[in-house]
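Remarks on the structure that follows.
The values are calculated or read from the model by the stated rules, or taken from the named source; none is laboratory data. As the structure is a computational prediction, the values presented were derived from the model and not from experiment. Because the Cβ atoms are built from the backbone with ideal geometry, glycine has one as well, and the counts that use them run over all protein chains shown. Accessible surface is based on the protein model in full, side chains and every heavy atom, while ligands, DNA and RNA are left aside. Shrake-Rupley method; radii C 1.70, N 1.55, O 1.52, S 1.80 Å.
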Amino acid sequence: DNFYELSEDEVAWLRTAYGLPGSEIYKTISPLTYFGDVMAPIQLHHGVADRDVPIAFSEKMFQELERHGKKAELYAYAGEGHEFGDVGWSIARERALQFFDQYVKNAQ
């Protein structure tokens, strides 16, 4: 999924070493393949204006977690990039603390 950020030489090397995108080897190294094994709740935060990582990546992860019946939350922040500003960070921080309190703090 992230061939877009590789150089032409890197893409050529990957294709020589592992074949075209969609080859079986790519599935074995993709984290999405193993989402069925996730045991803990997951919370995702993503800035809609992120130029480093497309929001589609977080949306795809969230959908795959849901498909496997996993507890997952996805929060998208309009106007936020890869690194959140003060307002987005404050909201994300509060949501993360609530998540921690609910699912992590007293987990056994």
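What is the set of long-range amide H partners of Glu73 at a cut-off below 5 Å, with H atoms built 1.01 Å from backbone N?
Amide H neighbours of Glu73: Ile42, Gln43, Leu44.
Relative contact order, percent, of the chain when contacts are C-alpha pairs under 8 Å separated by at least 6 residues?
Relative contact order comes out at 25 percent.
Using a 1.4 angstrom probe, figure out how much accessible area the chain has per residue, in square angstrom, rounded to the nearest whole.
73
Within the chain, what whole-number % of the accessible surface is contributed by carbon and sulfur, with the 1.4 Å probe and all protein chains included in the calculation?
Of the solvent-accessible surface of the chain, carbon and sulfur hold 54 percent.
Let me have the 222 nm mean residue ellipticity of the chain computed from DSSP H runs of 4+ only, each contributing -39500 (n - 2.57), with the sum over all residues rounded to the nearest 500.
-12500 deg cm²/dmol, from helical runs alone.
Between Ser90 and Tyr26, what is the label-to-label distance in nm when each label sits 7 Å out along the Cα-to-Cβ direction?
The modelled label-to-label distance comes out at 4.2 nm.
Express in nm, to one decimal, how much length is gained between Trp13 and Asp37 on full extension, taking 0.36 nm for each residue of separation and deducting their alpha carbon distance.
Computed gain between Trp13 and Asp37 is 5.6 nm.
Springs between alpha-carbon atoms under 10 Å, Gaussian network over the chain: tell me which of Ala49, Ala17, Ala76 tops the mean-square fluctuations.
Taking springs between Cα atoms under 10 Å, the residue moving most is Ala17.
Which one, His68, Ser90, Ile55, projects farthest toward the positive side of the charge dipole computed for the stretch 54-108 from Cβ point charges (K/R +1, D/E -1)?
Farthest towards the positive end: His68.
If I model a spin label at Glu5 and His82 as a point 7 Å from the Cα along the Cα→Cβ vector, what separation in nanometres do I get?
Computed distance between label sites Glu5 and His82 equals 0.5 nm.
What does a probe at His68 reach in the stretch 1-40, counting residues whose amide N is under 11 Å from the point 7 Å along Cα→Cβ?
What the label zone holds, given the 11 Å backbone N cut-off, is 31-40.
Could you tally the net charge around Asp50, taking each other residue with its Cβ under 11 Å from the Cβ of Asp50, Lys/Arg +1 and Asp/Glu -1?
-2
Glu5: accessible area at probe 1.4 Å, nearest 10 Å²?
Answer for Glu5: close to 110 Å² accessible.
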